[in-house]
Amino acid sequence: PKHKLITWLEENAPRVQKMSNPITNEEAERLKKDFSSDVIIEIFTNMHNYKPLTKTVSANLTFRRWAKNRTTETKEKFIPQPPKI
């Protein structure tokens, strides 16, 4: 039986499942354990909308790289100090 995440991908982000190595049931289960649903939906939607996506091979590795870049970017954002009055 198909994992719920795979069914969601086929309906909402079909380009991800058309990659050379689409998400498998085992990978879907690991992603659900490692990431929140909001992050999964956001990244897979962004991947689906990314035009050069077909140049990459593995949906799982691409997702994990995007997730890693997403978390490092949010940690490194510069927050300016309020001006002194």
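Descriptive notes on the structure:
- Rough spin-label spacing in nm, given labels placed 7 Å along Cα→Cβ, for Glu29 and Thr54: 3.3
- Checking the Cα-Cα distances for Lys32/Lys55; Lys33/Lys68; Lys18/Lys51; Lys4/Lys55; Lys32/Lys68 against a 21 Å cut-off, the pairs over it are Lys32/Lys55; Lys4/Lys55.
- Residue-by-residue Karplus 3J(HN,Hα) for the stretch 48-65, coefficients 6.51, -1.76, 1.60, Hz, glycine and proline x: 4, 7, 7, 4, x, 4, 5, 6, 8, 9, 9, 5, 5, 5, 5, 4, 5, 5
- Fully extending the segment from Glu42 to Trp8, taken as 0.36 nm per residue of separation minus the present Cα-Cα distance, adds 11.0 nm.
Each reported figure results from applying straightforward, stated rules to the coordinates on display, with no laboratory input. Predicted model, so just to flag it, every value in this text is computed and none were measured. Please note: Cβ atoms are built from the backbone with ideal geometry, for glycine as well, and neighbour counts cover all protein chains shown.
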